[in-house]
1. Which of the residues in the range A:85-121 show a loss of at least 20 Å² in accessible area from their chain by itself to the complete set of protein chains, at a probe of 1.4 Å?
2. Just report the Cα centroid separation between the range A:135-176 and the range A:84-107, whole Å.
3. Positive end of the dipole of the range A:133-244, charges at C-beta (+1 Lys, Arg; -1 Asp, Glu), about the Cα centre: which of A:I182, A:Y149, A:I229 has its Cα farthest in that direction?
4. Please give me the summed charge of the neighbours of B:L386: other residues whose Cβ is under 14 Å from its Cβ, Lys and Arg +1, Asp and Glu -1.
5. Of the listed peptides B:163-171, B:209-217, A:114-122, what is their order by residue-averaged count of other C-beta atoms within 10 Å, with the highest listed first?
6. Once Lys and Arg get +1 and Asp and Glu get -1 on their Cβ, which of A:P96, A:M55, A:H200 lies farthest toward the positive end of the dipole of the range A:5-240?
7. Taking a Cβ-Cβ separation under 4.7 Å as the criterion for a possible partner, which cysteines of chain B have none?
8. Give the residue from A:L112, A:W219, A:A29 lying farthest towards the positive end of the charge dipole for the range A:5-240; charges sit on Cβ (+1 for Lys and Arg, -1 for Asp and Glu) and the dipole is referred to the Cα centre.
Amino acid sequence: MKEGYKKVERMTPAMRIIHWVNVLSMIVAIATGLYIAAPYYQTFIADSAVDKYVMAWNRWGHFMVAIIFDVTSIIVAYLYFFSCFEKPWKKVIPTPTNIKEFFAVLINLITLNRSKNFDSSHSDSFNTIYFAIFHLLLAWMLLTGLQLYVHALASGESSIGAWWPWMLHAMTDWTIPASGWINGAASGMSSLMDVRITHHYTMWFIVVWVVFHIYYQVWRTIFWQEGDIAIAFGGEKFVKDKEA
Amino acid sequence: MAVDKQESVKSLFTAQSAKVDTNRGDAYYEKLYAQCRARLDELKELAPLNNRMDFKESIEDEGLDRRDFLKWASATTAMLMLPASFTPLVADAAVMMNRVPVVWIELSDCAGNTEALIRSDGPKIDEIILDIISLEFNETLLAASGHQAEKQLEDAIEHFKGKYLLFVEGAVPMGMDGQYGTIGASGETFHDHLQRIAKDAAAIVAVGSCATFGGIPAAAPNPTDAKGVMDVVKGKPIINIPACPANPSNMVGVILHYVLTGSIPELDSLLRPKFAFGYRIHDNCERRAHFDAGEYVEEWGDEGAKNNFCLYKVGCKGPMTFNNCSIIRYNEGVNWPVGVGRGCIGCSEPDFWDKYAYERPMANANIKAPTGGVEKTVDEFGLGLLTAAGVGIAIHAAASAVAGKKESEKEA
Ligand code: HEM
Ligand code: SF4
Ligand code: SF4
């Protein structure tokens, strides 16, 4: 270890597992989602329809990662409030300290690391809010996705019982008017297509989010020189020892 | 605009989807049966209106026999999502359709729904029923014109006050004080015409996409500010039977339901009867196996088209559209749009012309970006967003490389 630095833990093993599960799921969700949107490769398999099943496998993959996202999101939501490690909600509420810290980090980013005067040993407000945006985008994906999905269960039945479509309707039907509202549909004139449109748009916002996310982690690693990128792998980074 | 926003927030949390409850238990159906029986007995006492045609004679004239009729009655019972024990009631109700007065008006439309119901290959039972319903007034089918026609309408309204079903075909142009559409010798606007006749109706049935959601007249840029009936008439029961044209079987279904129970059928959040619009086209489509296999028609007339492949890539909107045409089809089950090889254009959904009826998948179609402005595909919008983010990052990265201060440099 470099002189004058100490190790701090930033991500618990559970958080890191969730992180990498999300990464893989996101890649699959985008690849299959884009195929569902407009099948971009053709099946040159000289086989009967039932064997190739290309769209069906894409949809299956999409729904499988959707369920994984559901589970990880519920865990993340729980940890948000009840984690023994760090409780992120304490960093997203607009208290004077949080607001000050948020802008301190942002200004340091804009001034190319000329004003790094905040505590970088824990997850700062800027970081936490940036991740909160991701979780909100993902939650919207889940809700709109489940709304698109539940209409395939038109009978109101499913292999795991009638409660499942019932619950999905109860939880996600409001995304139809909400999506219509986002798309500027006249009131009372929204339909399932609006949900599909916003589901697709939101994918792009997530892609942009990911691109900046990766850039920012690399940038931080280079300029802060605290090994930030290692957080996602070993769970730890380094900060200057105050006493040193 | 402000009211519009409030309304949409309200509807945000009160939306109801098309889920259908097809089994409500014996107690429910027994009660309903008794109620229907009583209502039919009551109707039986009434004389048929205006010496309307007799149903039994009509079907015999058309060369159909009682077996055809009973087959139709059991199919219709199933369509209305009633148990099989209701079949005799449905048959009775069909015979008594000539006891419920119907007024049919046309606004901004092409008369396609009227056409749909009078021009099938040969009158089958649905069409005969629409023939014998007590159609007190229908501009397209009317012999009278001018003041005479208006007089006839006024008589019908006066005579059947509070009892008639008002069928509306066509959108309501609201722009320029409604001057885009006027009717009759007095130059009454469509809007005033509708309001006047709606006032004394028992219920309103909006048929076709224009009357329900504004349809083609309301497509962007909607020059006449056309609106559907439900946006204009308040305080009356309204039933929407969208589609372009509305399926005559569904019109009969709604009237039958009214004759049978004296009430309107269960509706979804867009006021469409669930018995007809509780199904998704895609789930009952004969091309679905090709969808799942990834076998698509790539362009009109290609090998895929010759082999009845799925029409998704030439824009079929079956996955997003609720209607029963993939089940009951049109013209007494002869065929339906996807059956003849063109995709569903979502004609039974709001804003269908702008949001569904382009012949390519949604992802490849030009739609308005959330910000309004220029029309783009969602992917063009997304790539634009990504480019903007990329440019921002590139500038920041370049600036950092040139002028960034690493921690170690600061100390040094
Ligand atoms: C965050 C990750 C996700 C991404 C990037 C994503 C992306 C997409 C895209 C691009 C489409 C095509 C939309 C179009 O027609 O243009 C789509 C469709 C769809 N997505 Fe997602 N999605 C995600 C999560 C989910 C989740 C969590 C669900 C929940 C079950 C879901 C369910 C669906 C459904 C049902 C469709 C329509 C499929 C069909 O009609 O066959 N998605 N998704
Ligand atoms: S043709 Fe349309 S409704 Fe039929 S399976 Fe293909 S996408 Fe679905
Ligand atoms: S297939 Fe689609 S577009 Fe065609 S009539 Fe049915 S709902 Fe309308």
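1. Listed by number, the residues meeting the 20 Å² cut-off are A:L112, A:N113, A:R114, A:K116.
2. 33 Å
3. A:I182
4. -1
5. Output ranking for B:163-171, B:209-217, A:114-122: B:209-217, B:163-171, A:114-122.
6. A:P96
7. Those would be B:C36, B:C110, B:C210, B:C285, B:C310, B:C316, B:C325, B:C344, since no other cysteine Cβ in chain B comes under 4.7 Å of theirs.
8. Ranked along the dipole, the leading option is A:L112.
The values are calculated or read from the model by the stated rules, or taken from the named source; none is laboratory data. The structure displayed is predicted, hence computed values, not measured ones. Please note: Cβ atoms are built from the backbone with ideal geometry, for glycine as well, and neighbour counts cover all protein chains shown. Side chains included, ligands, DNA and RNA excluded: accessible areas come from the protein's heavy atoms. Shrake-Rupley method; radii C 1.70, N 1.55, O 1.52, S 1.80 Å.
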